[in-house]
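Chemist: Supplied in structure tokens, the structure appears directly below.
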Amino acid sequence: MSTGAIIAIVVIVVVVLVLAGLAARAAAGRRRDAHRDEARELREQARHRTIDAEGSRAAADEQAAQARRSEAEAEELAAKARKDPCAGRA
């Protein structure tokens with residue numbers, strides 16, 4: 001085999017290796033971008049779940065406060081009724 005043929009083969013091999021490396025790097029970049037997009041989506045979902053949970057917690061707290069107010073009012077009325085049993089009759 002001539003020297004020119006050997007040089008041509010080596011150059012072709014080097015070019016193929018460089019192209020393969022570039023293709024691998026591009027594929028890794030696409031995978032990384034896909035993982036970033038997925039992570040962004042998961043963070044967004046978690047944020048929405050947190051907001052929903054906080055809203056549910058606030059609603060539950062409000063219901064509990066209303067229940068405490070109603071209970072206090074009922075206890076007050078019961079205490080008045082015990083104090084003056086004839087007050088409720090017409």
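Chemist: Using 5 Å bins from zero, what percent of all Cα-Cα pairs in the chain falls into each bin?
Modeler: 2, 10, 6, 8, 6, 6, 7, 5, 6, 5, 5, 5, 4, 4, 3, 3, 3, 3, 2, 2, 2, 2, 1, 1, 1
Chemist: If you line up the long axis of helix 3-83 against the longest principal axis of the chain, both from Cα atoms, how many degrees apart are they, to the nearest 10?
Modeler: That helix lies at roughly 0 degrees to the long axis.
Chemist: If you don't mind, there's one more thing I want to ask. About the Cα centre of the chain, how large is the charge dipole given +1 on each Lys and Arg Cβ and -1 on each Asp and Glu Cβ? Please answer in debye to the nearest 20.
Modeler: With only Lys, Arg, Asp and Glu charged at Cβ, the dipole is about 260 debye.
Every number in this text was worked out from the coordinates using simple rules, so none of it is lab data. Values in this document were obtained by computation on a predicted structure and should not be read as measured data. Cβ coordinates were reconstructed from backbone atoms using ideal geometry, including for glycine residues, and neighbour counts include every protein chain displayed.
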